[in-house]
Structures are given as C-alpha cells and as structure tokens.
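Heads up: the structure comes next, in structure tokens.
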Amino acid sequence: MVPVTTQVPELSGDELRRLYRLLTAVRQLDLAAVAWQRQGIIPGYAPELGQEAAQVGSAFAMDTSRDFIFPTYREMGTALTLGVDMVQYMATHQASWHGGLYDPVTTRLAPIQAVVGGSVLHAVGWAHGQRLAAQADATQADATAETAPPDGAPATATPSDGEPDAAPAAGLPAALTYFGDGASSQGDVHEAMNFAAVLKAPVVFFVQNNGWAISLPTEAQVAGGRVAARAAGYGMKSLTVDGNDVTAVVRATREALAHARAGHGPVLIEAMTYRRGPHSTSDDPGRYRTLDEERRDAGADPVALLAEQLLASGHADSDFLDAAQADALAAADTVRDGVQALRPRPGSEMFEFVFAESTQQLTDQASAWRKESEHD
Amino acid sequence: MQAALIRALTEIMEQNPRALILGEDVGRLGGVFRITDGLQQRFGADRVLDTPLAESGILGMSVGLAMAGFHPIPEVQFDGFAYPAVNQIVTQLARMNYRSRGTLPMPVTLRVPSFGGIRAPEHHGESLEALFAHVPGLKVVSPSNPHEAYHLLKYAAARPDPVIFMEPKSRYWQKGEVLPADGGSPLGSKVVRSGKHVTLIAWGAMVARCLQVAELAAEDGIEVEVLDLRWLKPIDAAGLAASVARTRRAVVVHEAPLTSGLGAEVAALVTERCFGTLRAPVERVTGFDVPYPSGDLEDEYIPNIDRILFGIQRVLEYRRG
Ligand SMILES: Cc1ncc(C[n+]2csc(CCOP(=O)(O)OP(=O)(O)O)c2C)c(N)n1
C-alpha cells in the first residue's frame, strides 16, 4: 500500500468512536437488508459485507456542506455516513423509485446509479463546475474591488490559466465518485479520468476493488492488476489503501481531497477490499469461488479491526462496543419498519418527473391512464 | 443559417452567465462547421471549452455541469459520432430529472450537425431523430432555415429539459433573414406554404425540398401545403391534424430510413385524428433501410423531387377498394 503522508493527522479518539458507530450501523443494516430480501420485504439488494470501512471512511472525510458524492448501487455505507434517510435510500431496493426517494441536492448524494461507470463522468462535470464558479466569484470580487460592473452585466468568468492557484483560500468543493474494479473497464471511466486530469477538476476517484465484478475476478478484469496504476498514465496522483482499515481510508481521502481542493487536480484512490458473500441477493458465489477461498482472501474484517484498534489504544472499552452494537440493531429495526410502511408511489408520479416542463402528450397519456386504470 | 446560429449562441451566452459551450474543436477553431466561430475569443476558454475527443465524456460532463447549476450547450461534431454518447444521453441525461424526482433538472441543449447532403464520408451524415425522439425525457427539434435556427435555438437553450437540436448541415450556408419572433407557439409546427390538395410534412433540410416540390406541382395545378414540423418530440399533433383536415391528404418526407422512422409516428397521429376525413392513407417518402450511403449515392437515397412528386401522385390517385 502507498502510505498516506504524515501531513494528514492521525484520527482523534472521538473520531474513531464515531467511525465505529457508523461501521457497526452499516454492518447491521447491510446484514438486515439481506435478511429482508429473504423474508420478502424487499425484492433485491446489493450487499457490501466487507466494504464498510471503504465506504464509511471515504464519506467521513467529505465536507457535506459543499462536496458532492456520486455513488453506484452499492454505497449504502456512504449514504448512511452522509446522514441520508435510510428508508428513502432503501426505497430503491424496495422497488419504489429508481435512484432513491431522498433529495440528492440537500443530501449531497447523487441518485443511486445502476449503470456501471455511469456517474463517474458526472463527477467530473460537477467538479469542473465548482472550479468555474470559484473563478467567476474571484473575478467578480476583483471587479467590485476595482470598478463596479455596469448594472445587469452578466458575470462572465475569465479564461482559466490552468494553474493551481485558481483555487480559493478555503479550497474548492470536491466531487467524490465511486466505482468498482469491474466498472474500471468501462470507457466512460477512462474518459472521465482523462477529462478530469486535463481540466484539473477537483475529483476524487474512489475505486473499491472488492476483488470481483459479479463472477469475474480482478485479474481477469483489470489488465495490469491495479486500477491505481492507470492514474499515472493520466498524469494523476493515486493512492492505494487497505480498504479494511477505516482510519487508513479516512486519511487517504483527506489527503486526496486536500490535493483536489488546492486546485492540483484529481486523485485516484484504490481501496483494496473484499466483497464477502454474494454480489447481489440473486447471485450464487458458489459457482465461482469456494467458501475456503473467501475466508483465505478476504483479509481483516473492517469492523473487528477497528474494535481491536479502539481497545488497544484505550479509546473505547467493551461497554462502548456493546452499546454501539445494540444501537445499530435498533436502528436497523427502525429502518425495516419504515421500509415495510413504504407504499408504491402514486402512479401519477410516473408522468410527473419525466420533464421539468411537461408535454401535452404526457398530460394526455396521464389522463388516459387515470381514466382507464383503477389507480389514482 | 450559420450566422443565425452564431448570433443565437452569442445572445444566449450574453444573457445567461450559466450557459457554457463545450465540445471537440468548438473553441479555437470555432467548430468544424464554424458555428461557434469567435465565441471563445469573446467569452473565454472556460465558457467555450475545447474538450478532449470523447463524446460520452462531453455528454457525461454536461450532465455533471447541469447538476452543478450550469446550462451546458454541448456539440457533437457530426451526427454519426453521437452514437458513442448515446449511453450518457439515454441512461443519464434523459433520466436524471426523473430519477431525482425533479431535483436535478437537465437544462442541456445538445447541438448535432445532422442529416446528409454534403457528400461527406461515413458517419458524417445520418438521421438520428427517431432514435432520440423515442427516448422518454428528451425533446428533439430541427430548424429548416436561418430564422427558425435562431429562434428555436434560443428557445431550446432556455428550457429546463434536455433538447437535441438537429442542425441540417446541408443548410448551414443558406442565406436568409432572421425576423422577429412571430408570436405563434414556440412548440408548434408551421405551415410554410398553404395549399388545398395535399399536405407535405417535413423538417430540417427536407422543408426546402418540399417547397421546391410545391412550386413544381403548382405548375400542374396541384396546390400543395407544406408543414414544417419543427419539433420532432413533442410533435405538434394538433397543428398537423389541422393542416391535414383541410387538405385531406398527407405525405411525410424524411431522410431517415423508412422502417420505424418518424414518418410512421406522423402517419399514426394523422390517422388517429383525421381518419374520417382522409381521402388516402398517409404516404411516406423516406430514405431506405440501408446505412446512409456514400456521397455518390446520396442523391439516390435522400428523397428527391421526383420521389416526392410520386408520393403526392399516389395520395391523389388513391382509390378505395
Ligand atoms: C453498463 C452495465 N453493464 C452491466 C451491468 C450489470 N452489472 C451490475 S454490477 C456488475 C459488476 C460490477 O462490478 P464492479 O464494478 O467491480 O462493482 P461491484 O459490483 O463489485 O461492487 C455488472 C456486470 C450494469 N449494471 N451496467
């Protein structure tokens, strides 16, 4: 693993305890969601057993007052860490609404994405937009300082010189985009890395290399074996971290964010994780690997690892760990109740959100549907 | 038309500080068709961005820019190169408003130099309107002359939804006046020539050809009405029906292949609304179900005056039974 620089401080006891609570909450909710699928409460789910530290750690490093996160379909831990309402999040797995019922703008989490690699380019566009906005602000501030612009003059940004000093003092807002080793084969991901590097966009590409893309192992998916190695080809900094170690993930993401915020461009983090269990609740991992292999290859359990670190450092005792576990179980039960209470969305919503400005055709189709169906 | 489009883009950029142009060679070069000529000098390299050569990248980035509150106006250099961007257009651009329950609208106007007629190599001339019109969440429009180009582009770029703006590249060098907006519905179709015997329905470059046909037909005493459909999604079904209700006969003309083309949609709409008054089935005069041919065969493929006249003859001579 590439070590994180010593400029990123070690985590405080308080941060470690908060991380443990989050990891435990994610672990329990994830296990619960698999059980709900078996019980018929939700039709399907994409588990993340073993990826909790990668998701919680990366999201923990984000500043949700200004950053924006672009997830895949497997980022429940990220969503939970950001404080997204878990019932609204689970609505996607409950088949209530594609992309989730939560508001992506206020939660800073883009809709759940089913297209592998689909949202990676959005992160670049969004991040480039932050750079442009910062430059426009700076230009405007300059202009007001010198001569006030004529009334009604549009705020136009001056051309970028591409230099890192384009970032404001507080740093640029950054985009964090998630994808897997499988997604790294998609053309969009390569286009995104190239665009981001050329434009010096403040993006952190966060690869969860969980060893598998459904049944295909990384060695058959990623030529050269490491996604991080590709960053060099794009002139981009990269970090490889132990994705089972949440403190390493937080510090790596903080380092990457500092780089991106300063206007130095994108960073790629490859978090080495292992997807324990199935790819989704309809997958059968027994067809492509044995349980023995899983036990051998998975590495340290992220939740157990942090528990050990907490106990060894004296930042927490076993009472704290037990309380976190009990709270996590209770929280998962609350989410289950909420998910069970979810009803199908009113059918009229099907027509409502197609366009911001709807069409006569859609209005006609909606009223025909209303007349000819029993729903309202 | 080129000048009208430049003027429209200039005004859009002046009036909307969040409007951004991005694409391959749109900046220093001013675009391969020079539709963004001079805009980078005027608005800077940040607002008229030369991107790397990757269409999916351009469209995916536009989605992200829209999420950040900008109004991107991406250009795809030639219609045939929109295919690499289709994933981002269809699975992302068209759906983000829906997926996000209206919280992430996509005010993105994608300019696509479209259709054939310039004897270009493969993929430099295609007719993708049916592909895009079929996708929920997209709107599609095509101007037929400089006046329409100016007004439709300005209107499209002010919309909160994704619009595919199909510029008929064979008409780029056509001269013509840009008049003030005529006050009609900006989403409507337009009768560009009145007649009582048959309605020719067309869009883009085919409108001018249909007007020529109407001139010739007039010499034989056939009064042809020409309807510029303008919007290919949503189609102005009422305007379409109003014209055909008057003439009782319709021929739809397009460059795209016949099968599952937009002509089928037009014919269905006309049939639904004018079945009782129609004197003949709606005729289609279109390209063939072949890949858009090379320059030498283009004239055989694109509906020409004779083929359109034959179409008119068929609806005029149609006898029931
Ligand atoms: C474009 C696309 N192709 C295929 C699929 C079906 N699919 C869903 S997940 C997946 C594997 C993805 O692997 P990876 O990116 O490593 O992520 P992981 O599921 O392991 O987290 C595939 C093939 C998809 N969702 N999108």
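The values are calculated or read from the model by the stated rules, or taken from the named source; none is laboratory data. Keep in mind that this is a model prediction, so the values were computed, not measured. Cβ placement follows ideal geometry from the backbone for every residue including glycine, while neighbour counts extend to all protein chains displayed. Quick note on the areas: whole protein, heavy atoms, side chains included, nothing else; ligands and nucleic acids left out. Shrake-Rupley method; radii C 1.70, N 1.55, O 1.52, S 1.80 Å.
Things worth noting here:
- Within segment B:11-28, the set of residues being touching a residue at least 12 places away in the same chain (Cβ under 8 Å) and either more than 23 Å from the chain's Cα centre (by Cα) or farther than 23 Å from B:D161 by Cβ (or both) comprises B:N16, B:R18, B:E24, B:D25, B:G27, B:R28.
- Where a residue in segment B:159-181 is of a type in the set (S, T, Y) and its partner, wherever it lies, is assigned to a helix (DSSP H, G or I), with Cβ under 7 Å and at least six apart: B:S170/B:A205; B:Y172/B:Q2
- Restricting attention to segment A:331-355, the residues that are closer than 22 Å to A:A35 by Cβ and out of contact with any helix residue (DSSP H, G or I) (no Cβ under 9 Å at 6 or more places or on another chain) total 1.
- Among the residues of segment A:322-347, those that are in a helix (DSSP H, G or I) and surrounded by 18 or more Cβ atoms within 10 Å (Cβ to Cβ) comprise A:A324, A:Q325, A:A328, A:A331, A:A332, A:V335, A:R336, A:V339.
- Flag if A:A196 is in contact with a His (Cβ under 9 Å, 6 or more places away or on another chain), more than 16 Å from the ligand (Cβ to nearest atom), among the small types (G, A, S) and within 14 Å of chain B (Cβ to nearest Cβ): yes
- A:A123 of a type outside the set (D, E), within 16 Å of the ligand (Cβ to nearest atom), under 30 Å from A:M236 (Cβ atoms) and part of a helix (DSSP H, G or I): yes
- Of all residues in segment A:95-120, those satisfying the criterion of being more than 8 Å from chain B (Cβ to nearest Cβ) and either within 12 Å of the ligand (Cβ to nearest atom) or part of a helix (DSSP H, G or I) (or both) are A:T106, A:T107, A:I112, A:Q113, A:A114, A:V116, A:G117.
- Considering residues of segment A:37-94 that are within 14 Å of chain B (Cβ to nearest Cβ) and of a type in the set (S, T, N, Q) only, the residue farthest from the ligand (Cβ to nearest atom): A:Q88
- Test: A:D137 is surrounded by fewer than 19 Cβ atoms within 10 Å (Cβ to Cβ) and under 20 Å from A:R261 (Cα atoms): yes
- Some residue of segment B:134-156 being modelled with pLDDT under 95 and of a type outside the set (A, V, I, L, M): no
- Reported count of residues in segment B:52-101, each being closer than 29 Å to A:Q88 by Cβ, touching a residue at least 24 places away in the same chain (Cβ under 8 Å) and either within 10 Å of another protein chain (Cβ to nearest Cβ) or in a helix (DSSP H, G or I) (or both), is 22.
- Residues of segment B:25-42 satisfying the condition of being touching a strand residue (DSSP E or B) at 6+ places or on another chain (Cβ under 8 Å), over 16 Å from B:P146 (Cβ atoms) and open to solvent by less than 10 Å² (accessible area, probe 1.4 Å): B:V26, B:G27, B:G31, B:T36, B:L39
- Those residues of segment B:102-140 which are in a loop (DSSP other than H, G, I, E, B), within 14 Å of chain A (Cβ to nearest Cβ) and not β-branched (V, I, T), in sequence order: B:G102, B:L104, B:P105, B:M106, B:P107, B:H134, B:P136, B:G137, B:L138
- Which listed residue is surrounded by 15 or more Cβ atoms within 10 Å (Cβ to Cβ), over 24 Å from B:V163 (Cβ atoms) and at pLDDT 95 or above, from B:E272, B:E225, B:E317: B:E225
- Considering the conditions (1) in a helix (DSSP H, G or I); (2) farther than 30 Å from B:R119 by Cα; (3) touching a residue at least 40 places away in the same chain (Cβ under 8 Å); (4) over 19 Å from the mean Cα position of the chain (by Cα), B:V213 is excluded by exactly one of them, (2).
A quick yes/no check of all residues on (1) buried (at least 21 other Cβ atoms within 10 Å of the Cβ); (2) more than 9 Å from the ligand (Cβ to nearest atom); (3) within 14 Å of chain B (Cβ to nearest Cβ):
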{"residue": "A:P173", "(1), (2), (3)": "yes, yes, yes"}
{"residue": "A:T177", "(1), (2), (3)": "yes, yes, yes"}
{"residue": "A:A183", "(1), (2), (3)": "yes, no, yes"}
{"residue": "A:G187", "(1), (2), (3)": "no, yes, yes"}
{"residue": "A:A201", "(1), (2), (3)": "yes, yes, yes"}
{"residue": "A:N209", "(1), (2), (3)": "yes, no, no"}
{"residue": "A:A229", "(1), (2), (3)": "no, yes, no"}
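Residue-wise test of (1) within 14 Å of chain B (Cβ to nearest Cβ); (2) surrounded by fewer than 21 Cβ atoms within 10 Å (Cβ to Cβ); (3) in a strand (DSSP E or B); (4) more than 16 Å from the ligand (Cβ to nearest atom).
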{"position": "A:L257", "(1), (2), (3), (4)": "no, no, no, yes"}
{"position": "A:R289", "(1), (2), (3), (4)": "no, yes, no, no"}
{"position": "A:R295", "(1), (2), (3), (4)": "no, yes, no, yes"}
{"position": "A:L305", "(1), (2), (3), (4)": "no, yes, no, yes"}
{"position": "A:L310", "(1), (2), (3), (4)": "no, no, no, yes"}
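- Lone qualifier among B:D37, B:D25 - being acidic (D, E), at pLDDT 95 or above and on the phi > 0 side of the Ramachandran plot: B:D25
- Residues of segment A:61-112 classified as in contact with a Phe, Trp or Tyr (Cβ under 8 Å, 6 or more places away or on another chain), among the acidic types (D, E) and open to solvent by less than 10 Å² (accessible area, probe 1.4 Å), total: 1
- Flag if B:R119 is surrounded by fewer than 20 Cβ atoms within 10 Å (Cβ to Cβ) and in contact with a Gly (Cβ under 6 Å, 6 or more places away or on another chain): yes
- Residue within segment A:350-361 that is part of a helix (DSSP H, G or I), within 14 Å of chain B (Cβ to nearest Cβ) and farther than 25 Å from A:Y73 by Cα present: yes
- Every pair of residues 6+ apart whose Cβ atoms lie under 7 Å, when the first sits in segment B:285-309 and is open to solvent by 80 Å² or more (accessible area, probe 1.4 Å) while the second is modelled with pLDDT of 95 or more and of a type outside the set (A, V, I, L, M, F, W, C): B:F288/B:P257; B:F288/B:Y301; B:D289/B:P257; B:D289/B:T259
- Test: residue in segment B:270-285 that is at positive phi and touching a helix residue (DSSP H, G or I) at 6+ places or on another chain (Cβ under 9 Å): no
- Yes/no for A:R251 being without any contact (Cβ under 8 Å) to a residue 60 or more places away in the chain and either of a type in the set (K, R) or away from the ligand (no atom under 16 Å from the Cβ) (or both): no
- Of all residues in segment A:259-287, those satisfying the criterion of being within 16 Å of the ligand (Cβ to nearest atom), over 21 Å from the mean Cα position of the chain (by Cα) and open to solvent by less than 70 Å² (accessible area, probe 1.4 Å) are A:D283, A:P285.
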